[in-house]
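The values are calculated or read from the model by the stated rules, or taken from the named source; none is laboratory data. Please read these numbers as outputs of a predicted model, since none were measured by experiment. Cβ coordinates were reconstructed from backbone atoms using ideal geometry, including for glycine residues, and neighbour counts include every protein chain displayed. For accessibility, only protein heavy atoms count, side chains too; no ligands or nucleic acids. Shrake-Rupley method; radii C 1.70, N 1.55, O 1.52, S 1.80 Å.
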Amino acid sequence: MFGSKVNGKVVLWTTLVGGFMSSLVKWGSEVNMPPRVPGEVSPPGANIDAWLGWLGFNSHSLDYVYQGATIPGAVTLYHWLFSFVFAFVYVVGSIYWPRIRLWYGAWYGILITVVMHGLLIPLFGFRNPVYANGAVGWLWNLNGYELWSEFLGHIYWSVSIEVSMIAVLAYFGRPIAGRWLLKPGEAPAS
């Protein structure tokens, strides 16, 4: 699929660096613009409870206290894992659909927000905002604060994956714009 060891290394390192950096960026964006009202269960928390509850594992199983603040460890781990998965999807997607990198990756963040928060999360029943009087959390039922937080947070998150990818491509001497995947023996365009 990747044609050379270097192409595979670009995928691996972009996944690792982009996943790590983007998870911090997304988490950080929610500190100053929380997407949910206090006390409300997050979609990852609801997902963990629904899918892993039968194993005795729930959204608070990995909680820990740091300087007097309780940190939701399972939800944090969930977000981190998804950042690595979506960084992998981004870099591999850029092989087949380079336009995914539109606006330094912001397009990808918008796409992920619409697909995940606009379709899949409400479809599976993991978002019922308290302010929506029991309505399912489709995009049109979310308040402006949550919508703004999710869109901007995912844009920051996806742009950080793109910046990581640019750094990895530069490190391996690949074109940082356009088609970066090289066939065996092919030299980067000047």
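Some values worked out for this structure:
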{"read-out": "Selection from region 1-27 of residues that are surrounded by 13 or more Cβ atoms within 10 Å (Cβ to Cβ) and small (Gly, Ala, Ser)", "value": "Gly3, Ser4, Gly18, Gly19, Ser22, Ser23"}
{"read-out": "In region 32-79, the residues that are touching a residue at least 40 places away in the same chain (Cβ under 8 Å), more than 18 Å from the chain's Cα centre (by Cα), farther than 15 Å from Phe124 by Cβ and surrounded by 14 or more Cβ atoms within 10 Å (Cβ to Cβ)", "value": "Glu40"}
{"read-out": "Failed condition for Tyr66, given (1) at pLDDT below 90; (2) farther than 30 Å from Arg174 by Cα", "value": "(1)"}
{"read-out": "Residue in region 106-123 that is over 16 Å from the mean Cα position of the chain (by Cα), within 22 Å of Pro44 (Cβ to Cβ) and open to solvent by 60 Å² or more (accessible area, probe 1.4 Å) present", "value": "yes"}
{"read-out": "Lone unmet requirement of (1) in contact (Cβ under 8 Å) with a residue 40 or more places away in the chain; (2) open to solvent by less than 40 Å² (accessible area, probe 1.4 Å) for Leu142", "value": "(1)"}
{"read-out": "Tally, over region 5-30, of residues that are without any contact (Cβ under 8 Å) to a residue 12 or more places away in the chain and more than 19 Å from Leu81 (Cα to Cα)", "value": "2"}
{"read-out": "Criterion violated by Trp97 - all others in (1) open to solvent by 80 Å² or more (accessible area, probe 1.4 Å); (2) in contact with a Phe, Trp or Tyr (Cβ under 8 Å, 6 or more places away or on another chain) satisfied", "value": "(2)"}
{"read-out": "Test: residue in region 75-93 that is at pLDDT below 85 and of a type in the set (Phe, Trp, Tyr)", "value": "no"}
